[in-house]
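These notes are about the structure you will find just below.
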Amino acid sequence: MSKKKLLIGTLILTGASFITRILGFIFRIFLSQVMGAEGMGLYQLIFPIYMLAWAASSAGVSLVVSKKVAEYNAQGLYADSIRILKGAIAVALIICIPISLFLLVFHESIAIYFVHAKDTSLSIKILGTCLPFMATSCCIRGYFQGRQEMSVPATAQVIEQVARMIIIYLIAAMMVPYGLEYACAASMIGLCGGELASCIFTILMYIRSKKKIKLMKPTTLTYNTAIKSIFYLSLPITANRFLTSVLQSIENILIPLQLEKFGLEYGDALSLFGVYSGMAMPLLLFPSMVTGSLSVALIPSISQAKAKANLDELQRTVSLSIQLSAIIGIGAAGLFLTLGEEIGMLIYNMRDVGYVLKLLAMICPFFYLQGILNGVLNGLGLQRETFRGNIVASIICITLIIVLVPKSGLVGFTLALLAQAGIATCYHLYHALESISLPVDIVGWIIKPAAAIGVGSVSIRYIYDGLLSQLVGPKIGTLIATGLLGMFYLTFLFAFKCVTKEDIQMFVR
């Protein structure tokens, strides 16, 4: 794959991610107004079930489809790549249909004994109906990713989000008056509608694409061989994703339960969880679309450099990638520490969101670096280290949630989350740097970006308090202050020679 094609594909996915996240914010603002923080918390409790189903039925299979289709297309074996796709869909459906039936039959027991929220029962039942569409769509997206036709999966993302928003907007007024259970169910109907729309779109694009392909007779690849290959190749990936999702699900379910032990009423605990997971976290992770796209781009780039035994290129690519991640993560931390409360009021009109943003801000550098390191380790063939680091960090986080949250509430949870992100990031960073003999650049990666955002933050806080908030009001002032902080930060990065013209050319050439 050419570097130009890789860059274009990455930019397409980044653009789609930007659009879907903006739409996602609009969607969450609407949900927060309709359902309130408690309803958002209830809605977020269902996501562990959704992620477990996705990890079991689609995560590993779609990745194998992408890899195998890329291999066959490189050899001109287009009919074989289509056979792989059909085999993958069969495997995904074989896995997800029993899961769907399980959710449809045991939705009430899952809500009571696993999620610990009976009001999620109806939503879990509705979720069971959309899993086959999700699995099929994921496989076809993997097919187009293998063909390097990134516009199809990118458009599918946007269609899914738009369909979800339209459906919820149309049915929310009818269902919300019946209580939180039905308000949450309306959100799940929207999610399922988005999956169905995405599935229909990807199927149509596949039919259209197939008509343009000159098919040759498959070589020795039978459907039986394709299905067996997909199953065995996806099994370790699926197992890793599933176990990681199980631990993350336990974390999410434990949070409101432990907040109750801290002394909060159930509704208050659920509201606080909704503020954290449904409102603050999407804001904190918004810039990760850049590091996520870079992570995708790093895998083939690093793999190619490793195959050529080009250690200099490996070190230069990894170092600049880590530096970019640090710049984005430290900058995001400075932004939310400086203007967290104002941003919370601007977007959700809730001061509690701003408090949570400021509390969690210091986790940003670790979150963003983890995304980059995943790409680095995958490119180096060190997936086991990623898995081990995530598992150990999740177990420690769960332990700390149980110990700290009943005593310290949200502060205890923040410490648990910081420990998890810090341990996983340091573990992954150690193995990534050790494998290519790259020393840690504390000055370039940490000190210079921290100094740049520190100077910028102090300046913006002074300008906002003394001028903007009084001159144009808090909301417009927050928008202007955010833009100015970005400009100040970039200026100081160049002034401190943390970013140079050569660094930019390295990424775009």
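The values are calculated or read from the model by the stated rules, or taken from the named source; none is laboratory data. Just so you know, these numbers come straight off a predicted model, no measurement behind them. Reconstructed Cβ throughout: ideal geometry from the backbone, glycine too, with neighbour counts over all protein chains shown. Just the protein is used for accessible areas: all its heavy atoms, side chains included, with ligands, DNA and RNA removed. Shrake-Rupley method; radii C 1.70, N 1.55, O 1.52, S 1.80 Å.
Matching residues to (1) farther than 15 Å from ILE29 by Cβ; (2) in a helix (DSSP H, G or I); (3) in contact with a strand residue (DSSP E or B) (Cβ under 7 Å, 6 or more places away or on another chain); (4) at pLDDT below 85:
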| position | (1), (2), (3), (4) |
| --- | --- |
| ILE322 | yes, yes, no, yes |
| SER325 | yes, yes, no, yes |
| GLY331 | yes, yes, no, no |
| LEU335 | yes, yes, no, no |
| LEU339 | yes, yes, no, no |
| ILE347 | no, yes, no, yes |
| LEU360 | yes, yes, no, no |
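One line per residue, one yes/no per condition, for (1) under 19 Å from LEU104 (Cβ atoms); (2) out of contact with any helix residue (DSSP H, G or I) (no Cβ under 9 Å at 6 or more places or on another chain):
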position: ALA163; (1), (2): no, no
position: GLY193; (1), (2): yes, no
position: LEU196; (1), (2): yes, no
position: LEU204; (1), (2): no, yes
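Would you confirm whether or not segment 407-429 contains a residue that is open to solvent by 70 Å² or more (accessible area, probe 1.4 Å) and under 30 Å from TYR348 (Cβ atoms)?
As a first pass, look at segment 407-429 and keep what is open to solvent by 70 Å² or more (accessible area, probe 1.4 Å): 407, 415, 426-427.
With under 30 Å from TYR348 (Cβ atoms) added as a condition, the list becomes 407, 415.
Yes, segment 407-429 has at least one match.
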## Note on the structure
Residue count, segment 450-481, condition of a type in the set (S, T, N, Q) and open to solvent by 50 Å² or more (accessible area, probe 1.4 Å), comes to 1
### Task
Pairs only if they're at least six apart or on different chains, beta carbon under 8 angstrom, first in segment 125-141 and over 17 Å from VAL69 (Cβ atoms) and among the β-branched types (Val, Ile, Thr), second assigned to a helix (DSSP H, G or I) and open to solvent by less than 30 Å² (accessible area, probe 1.4 Å); list them, first residue then second.
ILE126/ALA185; ILE126/MET188; ILE126/CYS192; THR129/SER100; THR129/CYS192
### Message
Take the conditions of a type in the set (S, T, N, Q) and either surrounded by fewer than 21 Cβ atoms within 10 Å (Cβ to Cβ) or in contact with a strand residue (DSSP E or B) (Cβ under 7 Å, 6 or more places away or on another chain) (or both) and apply them to SER198. Does it pass?
### Response
no
### Message
When the residues of segment 432-466 are narrowed to those that are out of contact with any helix residue (DSSP H, G or I) (no Cβ under 8 Å at 6 or more places or on another chain) and closer than 26 Å to ARG351 by Cα, which ends up modelled with the lowest pLDDT?
### Response
GLY466
### Verdict on SER123 being at pLDDT below 85 and buried (at least 23 other Cβ atoms within 10 Å of the Cβ)
no
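Conditions tested, residue by residue: (1) over 23 Å from the mean Cα position of the chain (by Cα); (2) at pLDDT 80 or above; (3) surrounded by fewer than 20 Cβ atoms within 10 Å (Cβ to Cβ).
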position	(1), (2), (3)
ALA156	no, yes, no
ILE171	yes, yes, yes
SER187	no, yes, no
ILE203	yes, yes, yes
MET216	yes, no, yes
### Message
I'm trying to understand the selection: among the residues of segment 94-135, which are under 30 Å from ILE227 (Cα atoms), within 25 Å of the chain's Cα centre (by Cα) and not hydrophobic (A, V, I, L, M, F, W, C)?
### Response
SER100, LYS125, GLY128, THR129, PRO132
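Residue by residue through segment 130-148, note down the ones that are open to solvent by 50 Å² or more (accessible area, probe 1.4 Å), assigned to a helix (DSSP H, G or I) and modelled with pLDDT under 90.
Of all residues in segment 130-148, those open to solvent by 50 Å² or more (accessible area, probe 1.4 Å) come to 133, 145, 148.
Then drop every residue that is not assigned to a helix (DSSP H, G or I), which leaves 133, 145.
Scanning segment 130-148 gives a single hit, GLN145.
Got a number for residues in segment 58-109 being assigned to a helix (DSSP H, G or I) and open to solvent by 20 Å² or more (accessible area, probe 1.4 Å)? Show your work before the answer.
We begin by selecting, within segment 58-109, every residue assigned to a helix (DSSP H, G or I); these are 58-74, 78-109.
The next check asks that each one be open to solvent by 20 Å² or more (accessible area, probe 1.4 Å); those that pass are 62-63, 66-68, 70-74, 78, 83, 86, 89-90, 93-95, 97-99, 101-102, 104-109.
Selection size over segment 58-109: 29.
Can you tell me which residue in segment 469-505 is modelled with the highest pLDDT, limited to those that are of a type in the set (D, E, K, R) and closer than 22 Å to ILE322 by Cβ?
Kept after step one, since they are of a type in the set (D, E, K, R), are these residues of segment 469-505: 475, 497, 501-503.
Filter again for closer than 22 Å to ILE322 by Cβ, leaving 497, 501-503.
On the way: LYS497: 78, LYS501: 67, GLU502: 65, ASP503: 59.
So the residue we want is LYS497.
Mind telling me which of the residues LEU359, LEU380 ends up being open to solvent by 20 Å² or more (accessible area, probe 1.4 Å) and aliphatic (A, V, I, L, M)? If you could, list the steps in order and put the result at the bottom.
On the way: LEU380 fails: open to solvent by 20 Å² or more (accessible area, probe 1.4 Å).
Checking each option against the conditions leaves just LEU359.
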